[in-house]
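The values are calculated or read from the model by the stated rules, or taken from the named source; none is laboratory data. Small disclaimer: the values here were computed from a predicted structure and weren't measured. Cβ atoms come from the backbone with ideal geometry, glycine included; neighbour counts cover every protein chain shown. With ligands, DNA and RNA removed, areas are computed over all heavy atoms of the protein, side chains included. Shrake-Rupley method; radii C 1.70, N 1.55, O 1.52, S 1.80 Å.
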Amino acid sequence: MAAETHVFQTKVSKLLKLLANSLYSNKEVFLRELVSNASDAIDKLRFAAIAKPELLGSDPVFSIRISADKEAGTLTVSDNGIGMTLEEANEHLGTIAQSGTEDFLEHLSADEAKNAQQIGQFGVGFYSSFIVADRVTVVSRAATAGENEAVRWESDGSGTFTSELTTRASRGTNVILHLRDEDKNFLDPWTLRETITKYSDHISTPVYLLEEKPAEEGKTPEKDWVQVNDAKALWTLPPKEVTDDQYKEFYKHLTHDWEDPLCWAHNRVEGDLEYTSLLYCPSVAPYDLYNRDLQKGLKLFVERVFIMDRADAFLPNYLRFIKGLVDTNDLPLNVSRELLQESRVAAKLKKALTRRALDMFAKLADDKEKYGVFWTQFGRVLKEGIVEDPDNKKAILGLLRFATTKAGASDITVSLADYVSRMPEGQKNIYYVIANTPEAAEGSPYLEGLKKKGVEVLLLWERIDEWMMGALTEFDGHKFIPATAADLELEGVKAKSDDAEKPSETSKEEDDKAVARFKAALGEKVADVRVSDRLVDSAACVVGQHDQMLTEQMRRMLEAAGQTVPEEKYTLEVNLESPLVKKALAENDPARFSEWADVILDQALLSEQGSLKDPAGFVKRLNALLLS
Ligand code: ADP
Ligand code: MG
């Protein structure tokens, strides 16, 4: 049969182009990818052989072998794993199966450095060969195929590949890289040995390198296969014996991420439930963290045998960014995804691993700098856990970090324990405000009185916050109260400054009269009017009838979801000490006072909701008053 020419799937071509431009600073990763593919192929066969031991035939000892040929300028990575048929080679080496790829390629930015970082995180696999090779030949024979049913696949990485049937004496795969001149340094024994060692340290299959033995006088040097790793799966070692560098390298092998992980937790548990887990938190969130196609889940091993990738039954959705593996003896070797969903052992493991992950973050919190990175990258997802995982609410609460009126909107480092520890005497509750932006939260008029009393307020502005706060009632016996609540329950709080205790400038009768005038002017537009004790600088604010006012954001979300949201009538709180309110009250003409009252109400609504039903009317009235 003559070799057939095939065109790469469009996204492969795009990816190959991108690779050529972005990976030159990190070329050696191609070896990691090829060793990892060889190791995957062996894991797959090891698994298949549980049911069909005859697949191993006369070649039961697994190995990965790497050799350099200086004359030919080639580097060969070979394995006796599951191999590929012609169809499989066409399919697997000509397309990209990962569903996120399309999305990723579409969202490439003009910033090459950023793309390079993302591409690393996304894992380019086999195609990384073309970083150093101008031609790649793959000769492979599937474990189920006969001697004459092997495949020879070849490409220069520029848009097409060829494939044809060939012969191979035994099962397995050779990937032969024809190195570019400028990348021939990978043929150098020292460079090769160093790189291979780095990438095969934690591989559970022996990796051999073909090395020259020192030659005797007058003889041509002989070559010898030398094992370069100890072929022990890293997670099976006692944690004390594993170095940080080994953990980091293993993470990169596992995830294809180029960045070091932020932290990890390695646990070996015996007893009722027996398992070993190695969980990692990346230092950069994946670009598709909020995409439903996100590749999430752990690698599952049963009795050291690799069973499946991306098993998502072991962690809750809000911990979907965690990478790693779990190895257990308590699940059957033939466990399937479907079985996992119903398995009680899987449910127990999920519970245990969730605790492990939350503990890992609690420990990370001791390192302020790293925890800051964690919070910036993953804080928003973790907040989902408050709603999703009531059982662990307490642990998650401890991990939350907030911006506050004391720390400022840009310093999101305050824990609830910090907050409580510095509450002024007499403060019982935890106060918070939710707005659409950090600026709006920090500038909210509702905070004025609280600030003056020295009461710290949590500032929130993310979409998830409303949802999260809805699920929170208390922390350590302290109630959460929104700064917009009708009753702030501040009775016990000692005023910080004398100023706050200053007796009101107006008498009770005057206050009542002023309130009555506003009520008469606004009529049905408000539920009620009262004198505010929460405002200092602002003229007025609105307060809902319920403790939890619907913010405009929430209202829009509910409306978009097709729900009828009842029109809420607000109570207007006026600040009688405000010069603006004083000026309004000085107006004796009822029609003109009514204009003032409308403007003051609209201002209050505007600060609360960020928009008005009739903005043009507001502007008109305001201008009329400005010009008078
Ligand atoms: P990934 O490893 O993430 O699936 P790769 O691009 O590294 O992506 O590899 C693509 C596919 O090619 C693999 O999933 C596998 O099916 C096949 N493949 C690559 N290398 C080998 C190999 N040495 N033996 C068998 N199959 C392989
Ligand atoms: Mg791969």
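Annotations for the structure displayed:
- As a rough guide to protection, the peptides 420-426, 172-178 ranked by mean Cβ packing within 10 Å, highest first, stand as 172-178, 420-426.
- Set the Cα radius of gyration of segment 12-227 against 2.2 N^0.38 Å, with N its number of residues, and you get 1.06.
- Taking 26 Å as the limit for the C-alpha separation, the pairs K232/K351; K296/K393; K351/K383; K370/K406; K14/K198; K17/K70 exceed it in the case of K232/K351; K14/K198; K17/K70.
- Shown here: segment 9-94, whose C-alpha atoms stretch 45, 34, 21 Å along the first, second and third principal axes, sorted largest to smallest.
- For segment 12-227, a simple Cβ point-charge model (Lys and Arg +1, Asp and Glu -1, everything else neutral) yields a dipole of about 240 debye relative to the Cα centre.
- The largest accessible area among K582, K613 belongs to the first residue in K613, K582, and the rest follow in falling order (1.4 Å probe, all chains).
- The base-10 log of I(q)/I(0) for the chain, evaluated at q = 0.05, 0.08, 0.09, 0.11 Å⁻¹, reads -0.36, -0.73, -0.84, -1.07 [Debye formula, identical scatterers on Cα atoms, solvent excluded].
- Only DSSP H runs of four or more residues enter the estimate; each adds -39500 (n - 2.57), and after division by the residues of the chain the mean residue ellipticity at 222 nm equals -11000 deg cm²/dmol.
- Cα-based helix-to-principal-axis angle, 508-522 vs the chain, degrees rounded to 10: 70 degrees
- Kirkwood Rh, Cα atoms: Rg over Rh of segment 508-627: 0.99
- Overall, the chain carries a charge dipole of about 520 debye about its Cα centre when +1 sits on the Cβ of Lys and Arg and -1 on the Cβ of Asp and Glu, all other atoms neutral.
- Contact order normalised by residue count of segment 204-267, Cα under 8 Å, 6+ apart, percent: 26 percent
- For segment 138-240, the C-alpha radius of gyration sits at 1.40 times the compact-globule guess of 2.2 N^0.38 Å, with N the residue count.
- Unsatisfied cross-links (Cα-Cα over 26 Å) in the set K452/K583; K223/K248; K252/K350: K223/K248
- Nearest-10 value in Å² for the accessible area of C281, using the 1.4 Å probe: 0 Å²
- Taking 7 Å steps out from each Cα toward its Cβ at E222 and Q563 produces label points 7.9 nm apart.
- In segment 368-410, a dipole from Cβ-located charges (positive for Lys and Arg, negative for Asp and Glu) runs towards its positive end, and of T405, I386, T376 it is T405 whose Cα lies farthest in that direction.
- All Cα-Cα separations within segment 234-365 were binned at 10 Å from zero, giving a P(r) of 12, 46, 35, 7, each value a whole percent of the pairs.
- As a length-normalised measure over Cα pairs under 8 Å and 6 or more apart, the relative contact order of the chain settles at 8 percent.
- DSSP finds beta bridges in the chain, and of those with both partners inside it, around 80 percent are antiparallel.
- Axis angle, to the nearest 10 degrees, between helix 189-200 and the longest C-alpha principal axis of the chain: 50 degrees.
- The angle between the Cα long axis of helix 344-364 and the main principal axis of the chain comes to about 70°, on a 0 to 90 degree scale.
- Pairwise inverse Cα distances across segment 315-360, averaged and inverted, put the Kirkwood hydrodynamic radius at 11.5 Å.
- Interchain or long-range residues, amide H under 5 Å from V132's placed H: none
- Amide H contacts of A150: T166, R168, each under 5 Å away and 5 or more positions distant or on a separate chain (H built 1.01 Å from N in the peptide plane; Pro and chain starts excluded).
- Here the Karplus curve 6.51 cos²θ - 1.76 cosθ + 1.60, taken at θ = phi - 60°, turns the phi angles of segment 208-219 into couplings of 10, 10, 7, 10, 7, 8, x, 7, 7, 2, x, 10 Hz, with x standing for Gly and Pro.
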